[in-house]
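Notes follow once the structure below has been shown.
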Amino acid sequence: MSELEPLILTFDPQTVDHLGAKMYSHLPNALAELVANSYDADAKHVRVVVEGNGSISITDDGHGMSREDVREKYLHIGRNRRTDESGLTESGRRQVSGKKGLGKLALFGIGKRVELKTTRAGSSARTQIVLDYDEMKQSTGPYRPTETQASILEGRHGTVVRLSQLKRSSAVSAASVARSLARLFNYVDEEFEVTIVGPEGTEYRVTPESRLDAIEVEFSWTFPDDGGVDNPDLRDLGVGGRVVSTPKPVPQSIRGIALYVNGRLANEADYFDSSASSYAYSYLSGYLNVDYLDRLEPDVIATDRRALDWGRDETIDLRVKLTDFVTWIAGDWRRRRREASAVRATEVLGGSTEEWVSSIKTEEGAVVRELVEAIASEEVEISAEQQGALLSLMKRAVPPHAEYTWRHLHPSIQDATRDRYLIDDFYGAVQEGIKRYVNAARDKSGVPHDEATKIVVNAFGESGRLHVFQRFTESFSEATAKNVEEGQKHVSMGIVAGFRNPMAHEEVLRLHESGAFTFDDCLDALSIVSHLMRRLDEAELIVE
């Protein structure tokens, strides 16, 4: 067997830190590089296993690499696949997502030891190498990773990368990794499946929509399929995606609209200088695919794929279009939220807020209106349901026609007058209240008259059949008791003479238009009748 050429990684030792350890300090971002490699290897399945010992392994069923591929491609730092090859994966079905050839250094941002095992499709030879961070840093020349060769069953192919000696003390959450990777990828290839497996065996699928799985969607906009989202400038560039809003503020980690290029994050979630409604942005999350940027030269995507180069003419133009898009979304969100809040308020209140507020005729009505508008304001960071709950509580404290309810009228008087009062027939309400009182006095006293004045004259007073102060006579003087009894009679006569009789001889419309009898007059009169009715409730029949 001829001697094989050694596997050598050529680099300046500081490159490991500059392009790896310092640039990729977040676990999901580094793992994303491995997932991207699997995608570019035409893999159909990728499993990221969080091991109980603190290590992480990434296994795919892609076409794998031969030993020569490892030497010429994998260990070649900065190799641009878009320039060296067609820009498509080996199968020709996918656009290559990796570009700068720096992914393997990203792994040293999260761990000190990288083990690679790979088998080329159609081969039974497996190449295994170990890259050690500390050894690479101490190297003064070309670095030679530890290498072993092994044989496996023919027909099995793919790559396994295992990261160990992680640079973190806290445990790795598989669920958190899954959510984070969902934000970093937007592959639409249905044949590409990524699964995260926790130490206990629980599996989490990573899908284009799983970034939104943890939030409750209230409204949704799909671009350009949604006919309501009108932005021809972005449509002409082939831009598409989805934006959603939530009833409650979106978690900070997914707040904003992220940009993806060929399935990979190119710019973290942003609002692109739109200032139309900073409040609305707390409720928006989504993504847009801007694949056309991949064709620009020089490259406008940063190495860590967290932001675009916004200083180029093409990206400046894109930012303007995105600002218009986000501003429109925010405006449409406000419109839809107003409508939803109005519907919710109507459901909770049993009617519109305007009907309720406008029914309050006293000066408190203006205060109630201000409070209702403040609760329903777009600038208040509460959901439509929370708004409805607050309005419901407020309505209990300030009911419709609150001035009527707050008078605490006698229940029987309220029962007799409510319908008239609610239609602003104030004089009619007082008439009905007096009728109820006079009829109750007749029934309780047994006075054989139908005329109101004769009923109250014979029912009350020192010589009347009913004594309203009888039970208090032991506590007060005889003169006081006499005055109270006579007062009940005279006030009853006055309420009949002063309210019922004049209204019985005047046109209702004339009384209403003249302002001679207002809701205040009505409530004052009903308060007097309520007082008389409560005295009547306590009255004792004098048996002769």
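Solvent exposure of Thr353, expressed as accessible area, is near 40 Å², computed with a probe of 1.4 Å over the protein chains only. Here Ile423 sits with roughly 120 square angstrom of accessible surface, probe radius 1.4 Å.
D for the range 240-311, whole µm²/s, Stokes-Einstein with Kirkwood Rh over alpha-carbon pairs at 25 °C and 0.890 mPa s: what number? Please list the in-between numbers first.
On the way: Rh = 12.9 Å.
Reported coefficient: 190 µm²/s.
Suppose each label sits 7 Å from its Cα in the direction of the beta carbon; what would the Leu541-Arg335 distance come out to in nanometres? Computed distance between label sites Leu541 and Arg335 equals 7.0 nm. Would you kindly state how much longer the chain becomes between Glu216 and Glu314 on full extension, computed as 0.36 nm times their sequence separation minus their alpha carbon distance, in nm to one decimal? Result for the pair: 31.8 nm of gain on full extension.
Could you give the length gained by full extension between Ser282 and Val130, i.e. 0.36 nm per residue of separation minus their alpha carbon distance, to one decimal place? Walk me through the numbers on the way to the answer.
Working: separation 152, 0.36 × 152 = 54.72 nm, distance 4.53 nm.
Between Ser282 and Val130, full extension yields an extra 50.2 nm.
Counting only protein chain heavy atoms and rolling a 1.4 Å probe, the accessible areas of Lys395, Lys435 rank, largest first, as Lys435, Lys395.
Taken one residue at a time, the phi angles of the range 451-463 give Karplus couplings (6.51, -1.76, 1.60, θ = phi - 60°) of 7, 4, 5, 5, 5, 6, 5, 7, 7, 10, x, 4, 9 Hz. Gly and Pro are set to x.
Short version: what are the Cα gyration tensor semi-axes of the range 440-487, square root of 5 times each eigenvalue, largest first, in whole Å? Those come to 23, 10, 6 Å. Quote the Stokes-Einstein diffusion coefficient, in whole µm² s⁻¹, for the chain, based on the Kirkwood radius over alpha carbon pairs, a temperature of 10 °C and a viscosity of 1.306 mPa s. Roughly 52 µm²/s, to the nearest whole number. For the range 91-209, the percent of C-alpha pairs falling in each 10 Å distance bin, counted from 0 to the bin holding the largest distance, reads 11, 29, 39, 20, 1. For the chain, relative contact order (Cα pairs under 8 Å, six or more residues apart, normalised by length) works out to 9 percent. Over every Cα atom in the range 158-297, the radius of gyration and the widest Cα-Cα span, Dmax, amount to 16.9, 52 Å. A protection proxy built from the mean count of other Cβ atoms within 10 Å ranks the segments 218-224, 312-318, 241-247, most packed first, as 241-247, 218-224, 312-318. Of the residues Phe499, His467, His408, the one whose Cα sits farthest towards the positive end of the charge dipole of the range 359-499 is His467 (charges of +1 on Lys and Arg Cβ, -1 on Asp and Glu Cβ, taken about the Cα centre).
Here Lys44 is the anchor, and the aspartates and glutamates within straight C-alpha reach of less than 18 Å, apart from those fewer than 8 places off in the same chain, are Glu33, Asp60, Asp61, Glu90, Asp189, Glu190, Glu191, Glu193, Glu203.
Per residue, the chain exposes an accessible area of 48 Å² to a 1.4 Å probe, with every protein chain left in place.
Specify which residue in the list Trp356, Ile375, Gly331 is farthest towards the positive end of the charge dipole of the range 329-384, using unit charges on the beta carbon of Lys, Arg (+1) and Asp, Glu (-1), about the Cα centre. Comparing the listed Cα positions along the dipole, Gly331 ranks first.
Met493 exposes around 60 Å² of accessible area when a 1.4 Å probe is run over every protein chain in place.
Let me check something: with ligands and nucleic acids excluded, how do His45, His63 order by accessible area (1.4 Å probe), largest to smallest? Let's see the in-between values first.
Details: His45 90, His63 40 Å².
Accessible-area ranking of His45, His63, largest first: His45, His63.
For the set Thr59, Thr195, solvent exposure ranked by accessible area (probe 1.4 Å, protein chains only) runs largest to smallest as Thr59, Thr195.
For the chain, what is the mean residue ellipticity at 222 nm derived from helices alone (per DSSP H run of n ≥ 4: -39500 (n - 2.57); sum divided by total residues; nearest 500 deg cm²/dmol)? Don't skip to the answer; put the middle values down first.
Details: 19 runs with 211 residues, N = 544.
Computed mean residue ellipticity for the chain: -12000 deg cm²/dmol.
Work out how much length Ser173 to His531 would gain on full extension: take 0.36 nm times their residue separation and subtract the Cα-Cα distance, in nm to one decimal. Don't skip to the answer; put the middle values down first.
Values: separation 358, 0.36 × 358 = 128.88 nm, distance 7.07 nm.
Length difference between fully extended and current span is 121.8 nm.
A compact globular protein would have a Cα radius of gyration near 2.2 N^0.38 Å; the ratio found for the range 354-484 is 1.59. The modelled label-to-label distance between Asp69 and Gln149, using points 7 Å beyond Cα along the C-beta direction, is 1.7 nm.
About its Cα centre, how strong a charge dipole does the range 106-204 have in debye, to the nearest 20, once Lys and Arg get +1 and Asp and Glu get -1 at the Cβ?
The dipole magnitude comes to about 440 debye.
Here the label points at Thr140 and Ala479, each 7 Å from Cα along the C-beta direction, are separated by 12.3 nm in the simple model. For the range 397-419, the residues whose backbone nitrogen is under 11 Å from a point 7 Å from the Cα of Leu371, taken along Cα to Cβ, are 397-399.
The values are calculated or read from the model by the stated rules, or taken from the named source; none is laboratory data. None of the values given here were measured: they were computed from a predicted structure. Using ideal geometry, Cβ is built from the backbone for each residue, glycine included, and neighbour counts are taken over all protein chains shown. The area values use the complete protein model at the heavy-atom level, side chains included, leaving out ligands, DNA and RNA. Shrake-Rupley method; radii C 1.70, N 1.55, O 1.52, S 1.80 Å.
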